[in-house]
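Only one structure is covered here, and it is reproduced in the block below.
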Amino acid sequence: MDQNKKNSNRLSVIPNKWSELCQDLLRSVFERLSFTNLTRAKSVCRSWNFASRDCLPNLIPWLILFPLEEEVINSDNNSCLLFVPDDKDKIYKTRDLGVDFAHSLCLATYGSWLLMFDHLRKPYILNPLTLERIDLPQSLFIHHYMSKQDGRCNRSACFWIDDITKDYLVVWFIYNIIVFTKKGYDTWRLVQTSEIRMYDQIVYNHKDHKVYTYVPYGHVYVWDFSGDVPPKDGYHLPASFVDREIEQGDRFYWGKYLNYKVKIATTLSGEVVLVEIMHRLTSWQFRINELNPLTKRWVKIDVLGDEALLLDMGFTIVAKDIPGIKKNSIYFSGLNHPIKDPKHIFVYDLTTHTMEPVPQCVFSSMFFSDARWFVPGFN
């Protein structure tokens, strides 16, 4: 067989159309794509859409910015802005979702979903990418406690939702009470507790079905939501911080920073970590602490390895060899919400102790009332 005939036979097995590519080959490529690129690939043709069905995208944090009331009036829509780090400096605008974002509060994020509370005091879960909305039960005692605060809302809330079944759990600390609701419930239920505390932040770990919250002096309270009703009062992890006096250089630690706060999160392995945040003017410092099971003390580790922490959601995600996300980093959007200062929104590198700001073009595109990191395609 001459060389020309060999080449002719070889070319005959190469598909003439991109849609005729081998499904296994397509899947091997799609598994390396980010959420945005995988979504684009799905729309190319039926063959590509079919090949992508079982592929999970690489998880890249996005930033969502909510509009100011004046912005809504001027633009006559209720859209939000989306910043996608792996798309460089590109900015996207959501469609008009029929949601009054300017008069609503975002209480928490989970994957592609937002836990919202509107000006009519109606709580709901919203996916701004798929336009899905789940209305949560309304309750007279929620209105009662909101009235006691002149309509102000406690932002201490967390939730979990399954993208396939739409099963969900929402836990909310309102004033001095703890309430929760699940899929199938027609009301909010009280968590029985004998102590009255104000909790700054709570996170839910779907691996062990537990809700964690930090209270001062190193205590972490835990509620088990694996059953229909969590046990009264939950329990706490008996621990305290290591004495800072034994660490060299910590005399400057308290003198330099005026604002100090501790946040809580869980890692991919299910471990609970405490994040110390120190701030003064433009200077920031973050410290990661994990619990030593032998000494019952929180000890500084300052490393997340191949993971990245989404502080808004309270857990870490895989960040190794994924373009568009920085490993051993913290995605941060301010100490308190709502946040309107662009200088308080950045990615903090735990290796170099430096901040990578969000491109200025993001904030110049819209006056925003709040901003949060979230992860589209999270499963």
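What the table shows:
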item	result
Strands (runs of 3 or more DSSP E) wholly inside segment 302-379 that include at least 1 residues being of a type in the set (Phe, Trp, Tyr)	315-318, 329-333, 345-349, 368-374
Residues of segment 279-301 satisfying the condition of being of a type in the set (S, T, N, Q), open to solvent by 20 Å² or more (accessible area, probe 1.4 Å) and part of a strand (DSSP E or B)	283, 285, 292
Within segment 302-314, considering residues that are open to solvent by 10 Å² or more (accessible area, probe 1.4 Å) and under 16 Å from the mean Cα position of the chain (by Cα), the one nearest to residue 59 (Cα to Cα)	307
Counted residues, segment 333-346 - those being touching a helix residue (DSSP H, G or I) at 6+ places or on another chain (Cβ under 8 Å) and over 17 Å from residue 108 (Cα atoms)	1
Test: residue in segment 315-334 that is within 18 Å of the chain's Cα centre (by Cα), of a type outside the set (Ser, Thr, Tyr), surrounded by 22 or more Cβ atoms within 10 Å (Cβ to Cβ) and under 16 Å from residue 282 (Cα atoms)	yes
Single match in 204, 212 (criterion: over 21 Å from residue 293 (Cβ atoms) and at pLDDT 85 or above)	204
Cβ pairs under 7 Å, 6+ apart, first in segment 288-316 and within 30 Å of residue 65 (Cβ to Cβ), second surrounded by fewer than 19 Cβ atoms within 10 Å (Cβ to Cβ) and hydroxyl-bearing (Ser, Thr, Tyr)	307/267; 316/267
Hits in segment 76-119 (condition: of a type in the set (Ser, Thr, Tyr) and in contact (Cβ under 8 Å) with a residue 40 or more places away in the chain)	109, 110, 112
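Residue-wise test of (1) at pLDDT below 70; (2) exposed (fewer than 14 other Cβ atoms within 10 Å of the Cβ).
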{"residue": "8", "(1), (2)": "yes, yes"}
{"residue": "22", "(1), (2)": "no, yes"}
{"residue": "46", "(1), (2)": "no, yes"}
{"residue": "62", "(1), (2)": "no, no"}
{"residue": "70", "(1), (2)": "yes, yes"}
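The values are calculated or read from the model by the stated rules, or taken from the named source; none is laboratory data. No experiment lies behind these values; they were computed from the predicted model shown. Virtual Cβ from ideal backbone geometry, glycine too; neighbours counted across all protein chains shown. All accessible areas refer to the heavy atoms of the entire protein, side chains included, with ligands and DNA or RNA removed. Shrake-Rupley method; radii C 1.70, N 1.55, O 1.52, S 1.80 Å.
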